[in-house]
Amino acid sequence: MENSLNPLSDNSGINELSNRLKNITTSNNISVQAATDSTSNVSYQTNSESSSASSANTGFQSAAPNAILMEATTGTILYEKDADKEKPPASVTKIMTLLLIFEALSKKQITLNDTVTVSEHAASMGGSQVFLEPGETQSVDTMIKCIAVSSANDACVAYSHSRN
């Protein structure tokens, strides 16, 4: 995937996380260690006898009602808080829509300049929206911004209708 389409192409956030996680030690004498390799990939290992990495054994606190932090390569759970409790997916479906858009862009099935025509159904979405009108056309680029910045239900549905 090209860097212009990959929001993770800049490793500064990963490096900052790595720096914050290095040698965190809690009162339970459990540490999280981080190491980076020459390609700036980060790997983490928790030194815990428990498979659960809760705030009690990591020292990390989150105000979120549910949370899970997992190292992507190994699947090691770094932190969890009520991670098994079922919750509605909410805007996670919008992230999936964005992933599908970026996948179509990387496969050159669409371009950022392609247009999306808003359907009646898409315009009628409630909740978080950018108030698109039926028949209105917007570029894929604009739809990405509407979804990512405004969490726009109407933009997600308009894009999905344009792909059928």
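The values are calculated or read from the model by the stated rules, or taken from the named source; none is laboratory data. None of the values given here were measured: they were computed from a predicted structure. So basically every Cβ, Gly included, is an ideal-geometry build from the backbone, and we count neighbours across all protein chains shown.
Data overview
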read-out	value
Residue in region 88-98 that is among the basic types (Lys, Arg) and touching a residue at least 40 places away in the same chain (Cβ under 8 Å) present	yes
Matching residues, region 80-98, being at pLDDT 85 or above and either farther than 10 Å from PRO65 by Cα or in contact with a Leu (Cβ under 8 Å, 6 or more places away or on another chain) (or both)	GLU80, ASP84, GLU86, SER91, VAL92, THR93, LYS94, ILE95, MET96, THR97, LEU98
Residue in region 134-143 that is touching a residue at least 24 places away in the same chain (Cβ under 8 Å) and part of a loop (DSSP other than H, G, I, E, B) present	no
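Okay, residues lined up against (1) modelled with pLDDT of 95 or more; (2) in contact with a Cys (Cβ under 7 Å, 6 or more places away or on another chain); (3) among the small types (Gly, Ala, Ser); (4) surrounded by 10 or more Cβ atoms within 10 Å (Cβ to Cβ):
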| residue | (1), (2), (3), (4) |
| --- | --- |
| ASN66 | no, no, no, yes |
| GLY126 | no, no, yes, no |
| ASP141 | yes, no, no, yes |
| ASP154 | yes, no, no, yes |
